[in-house]
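Down below is the structure, laid out as structure tokens.
Derivation of every value follows stated rules applied to the coordinates shown; laboratory data play no part. In this text, all values refer to a predicted model and were calculated from it rather than measured experimentally. Cβ sites come from the backbone with ideal geometry, for glycine too, and all protein chains shown count toward neighbours.
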Amino acid sequence: MKTRILICFLLFSFSQIAFSQSRSERKTLKKEKEAKAYQQTKTLLDNGSFFFNAVWMYPRSGTQINLINNPGFIKFISNEDIDMYLPYVGIVRIGGGLNQPAAIQHKGNTVSYKIDHDDAKGVSTISFTADGSLERYDITMTVSSSGHASIFINSTKRDGIRYSGEITALEDQVLTGH
């Protein structure tokens, strides 16, 4: 009986050693997967037509606000044309009046649209300016190889604010219906 248990144990141990991947193989597979995801994200960004869905908002007050019930988005129709609606919580420095929207909104052209790809880190950075009739927004978006994005918006009338979320192809948008 003891010999059978010993033989089963040895066979089980041998099969684990023989069929498991080595650490270097797992690292190689992980790097290949990340490189492929980065190339797909890079192609999506270079195309200029994609959708950012904001999931979290980080105002200067230090709180973190989930945007599940009040979704924010930036729809990049092209490198020069966007549709943006992002909820805003923070201090407005120069009041625009009672009829001004509380959210950060812009529909139209962008200025100084620029994409920088850091192939070594697998990160892309997009920066542009959106000039509205009452306000100017300087926007910097950092996108990881997995499609996770972080946006910082600096405004002429409001405190800066950061959003995080995911980018998808324009055809794949689901949450906002815009």
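Residue-wise test of (1) touching a residue at least 60 places away in the same chain (Cβ under 8 Å); (2) touching a Lys or Arg at 6+ places or on another chain (Cβ under 6 Å); (3) farther than 22 Å from Asn70 by Cα.
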position	(1), (2), (3)
Leu86	yes, no, no
Val92	yes, yes, no
Asn109	no, no, yes
Asp118	no, no, yes
Asp138	no, no, yes
Ser144	yes, no, yes
Ser155	no, no, no
Asp159	yes, yes, no
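The residue of the stretch 130-149 that is farthest from Tyr113 (Cα to Cα), among those that are polar (S, T, N, Q) and not in a strand (DSSP E or B), is Ser146.
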